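Notes follow once the structure below has been shown.
The values are calculated or read from the model by the stated rules, or taken from the named source; none is laboratory data. Since this is a predicted model, take the numbers as computed values, not measurements. Positions of Cβ are generated from backbone atoms using ideal geometry, with glycine treated the same way; all protein chains shown enter the neighbour counts. The accessibility values were calculated without ligands, DNA or RNA, using every heavy atom of the protein model including side chains. Shrake-Rupley method; radii C 1.70, N 1.55, O 1.52, S 1.80 Å.
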Amino acid sequence: MRTFLRILGGIALALVVLIAGTLIGARFADGPWAMIAGGPFMSGQPHVGAEPDWSFVRDIQEIEWQTVEPARSRTTWVVYHGGRAFIPCGYLNTTLGRIWKQWPIEAERDGRAIVRIDGTLYERYLVRVTDDDILLGVVAELLRKYAGQGAAELTSVPEGLWVFELAPRA
């Protein structure tokens, strides 16, 4: 029995070290590792020219983006609505959601961000959207794109959902 507990303890310790190493190592990576936040972007070419037509994100499931302060990158969904691009963030009505997702609070404090799509870097400003008319359109597109549902009966925005527009940086 004692040997079994030692083996079990060794396995648990190895898992803790592996997870901690992965989370720490990701902070030094060129972008996120799937759902694990990563370091600042070190590759990509800055977008030059006029404001992009964001309709191309309709066909993209996920994008990578980075806050400037703190310099951390993430992978997230992206929604196109009304000629603009948006990033949704859910689960903010739960304690676990608020502990796990710190970026929305950081984005409200300092909305400067960089979006990386197919190797192109777009300097953006994350602006939280609170207008219900815009939010209902974004949620309808979110449901269509990611849940395969229509939203004909959508009358309110789900509790705990924050939405940020990828606005141009002036």
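The Cα atoms of the range 43-143 define a convex hull whose projected area, averaged across directions, is 6.9 nm².
Semi-axis lengths, largest first, of the ellipsoid equivalent to the chain are 33, 22, 14 Å, with √(5λ) applied to each eigenvalue of the Cα gyration tensor.
Solvent-accessible surface of the chain, taken per residue with a 1.4 Å probe and all protein chains present: 61 Å². Taking 20 °C and 1.002 mPa s as conditions, the range 1-90 diffuses translationally at an estimated 134 µm²/s according to Stokes-Einstein applied to its Kirkwood radius (Cα pairs). Set the Förster distance to 35 Å, then compute FRET efficiency between VAL16 and ASP59 from the Cβ-Cβ distance, nearest 0.05. Efficiency, from the Cβ-Cβ distance: 0.30. As I understand it, the value is the acute angle between the Cα axis of helix 2-26 and the longest principal axis of the Cα atoms of the chain; what does it come to in degrees, rounded to 10? Helix 2-26 sits at roughly 30 degrees to that axis. Remark: the ASP131-ARG169 segment gains 11.6 nm on full extension, using 0.36 nm per residue and subtracting the alpha carbon distance. Determine the share of the chain's accessible area contributed by carbon and sulfur atoms, expressed in whole percent, with a 1.4 angstrom probe. Carbon plus sulfur share of accessible area: 59 percent. To the nearest ten degrees, helix 132-142 and the longest principal axis of the Cα atoms of the chain are 60 degrees apart. Counting only protein chain heavy atoms and rolling a 1.4 Å probe, the accessible areas of THR3, THR75 rank, largest first, as THR3, THR75.
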